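To start, the structure under review is shown below, and the notes come after it.
The values are calculated or read from the model by the stated rules, or taken from the named source; none is laboratory data. Just so it is clear, the structure is predicted and the values come from calculations on it, not from any experiment. So basically every Cβ, Gly included, is an ideal-geometry build from the backbone, and we count neighbours across all protein chains shown. Note: accessible area is taken over every heavy atom of the protein model, side chains too, but ligands, DNA and RNA are not part of it. Shrake-Rupley method; radii C 1.70, N 1.55, O 1.52, S 1.80 Å.
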Amino acid sequence: MAKRDYYDVLGVSKGASADEIKKAYRKKAKELHPDRNKDNPEAEAQFKESGEAYEVLKDAEKKAAYDRFGHAAFEGGMGGGGGRPGAGGQGDFASAFSDVFDDLFGDFMGGRGGGGRQRAARGSDLRYNLRVTLEEAFQGLQKAIQVPTSISCEKCQGSGAEGGAEPTTCPTCSGMGKVRAQQGFFTVERTCPTCSGLGQTIKNPCQGCGGAGRVERDRSLSVNIPAGVETGTRIRLSGEGEAGMRGGPTGDLYIFIDVTAHKIFEREGNNLFCRVPVSMATAALGGDIEVPTIDGGRSRVKIPSGSQSGRQMRLRGKGMPALRGGGSGDMFIELAAETPVNLTSRQKELLREFEELSEDNNPESRSFFKSVKSFWDSMKG
């Protein structure tokens, strides 16, 4: 069976540019890939045919020979350029497809060719969990912390080489940082095992860091905690993370804030809540009480007569400051009327007398039991 014209296979004209040829092949490779055409037995052969055509037409010398002699240019050694494309030509086809594979998936593989190598790797970001009290979150503070991290090796100045010697090109990947392995129709790229993707090796590693260019140390830092932070607040310290490999840029340090629970105040956003127990007599008669505020001060609060448990009163501006400015939240006082315990005989006697005289003083109880009686009567009916 006569071989099809390579230009017809890719659907381009003889005068097509290199970019047009590549775009045409990319389109064909997507359309004819066997994984997308499992029900089409001819797709694999057409897929190979398009790869064979692209292998010739992408190369200027092979293309010129093909334009002059056609398929005969690659029969019997004519035209040079690595032999006949279709003969034992899985290597040539794989090379052609890998050229487009780089374009299609380069963003996921780290770029084409040497673009993915890294002669110096960036250091990792670090996380530090910092616990502060509610008072500290209210005021803000400078906090000294000890961070276990990797720092640049002073002995080799971060180069990883003894005596400051220059690294040499990795012999395994030729400085690319990646090696290719052929698997069927595909050429798969992997990080070079010799240089770990750095593209360079060190003949005489630094004795202080073993060639890594960094060493493990505990570092002391002073962190500024702004007023208004809350649990989950994240503070980024640029360049305070782990040192990079062989002189690479340093990572960042992220401080995550955890505000501990308080014995008196409960926080919701910028507002504070304080549950204040009051005597039964104060709740009934009314009066004045003093309550604490988060700044260490005191506020006088007037309790209206007849106050019930759960009643709230607001102290404006006595809450937590907003993290990025904009004033402060409020403080809410929640009353809890306390039932007296350990009563004396005289106190019990007075309460019984009070109970006999307080028939009209408990409207909520009277309303509730009236509803209960109505419920029971309806059930009987």
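Can you work out the accessible area per residue across the stretch 218-301, with the rest of the protein chains kept in place, probe 1.4 Å, in square angstrom?
Accessible area per residue: 53 Å².
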Accessible area of the stretch 280-377 with a 1.4 Å probe: how many percent of it is carbon plus sulfur?
50
When only DSSP loop residues count, what trypsin sites (Lys or Arg not before Pro) in the stretch 247-330 have their Cβ near at most 14 other Cβ atoms within 10 Å?
263, 316, 324
Whole-number Å³ per residue for the convex hull built on Cα positions in the stretch 1-77
92
Mind scanning 30/178; 22/203; 263/370; 318/370; 14/38; 263/348 and naming the pairs with a C-alpha gap bigger than 30 Å?
22/203; 263/370; 318/370; 14/38; 263/348
Protection proxy ranking of 18-26, 343-351, 47-55, 205-213 - average other beta-carbon atoms within 10 Å, highest first:
47-55, 205-213, 18-26, 343-351
Keeping the other protein chains in place, figure out the carbon and sulfur percent of the accessible area of the stretch 209-267, with a 1.4 Å probe.
44
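From the square roots a ≥ b ≥ c of the eigenvalues of the alpha-carbon gyration tensor of the stretch 158-313, which class results: rounded (a/c under 1.5), prolate (a/b over b/c), or oblate?
Prolate, because a/c is 1.5 or more and a/b exceeds b/c.
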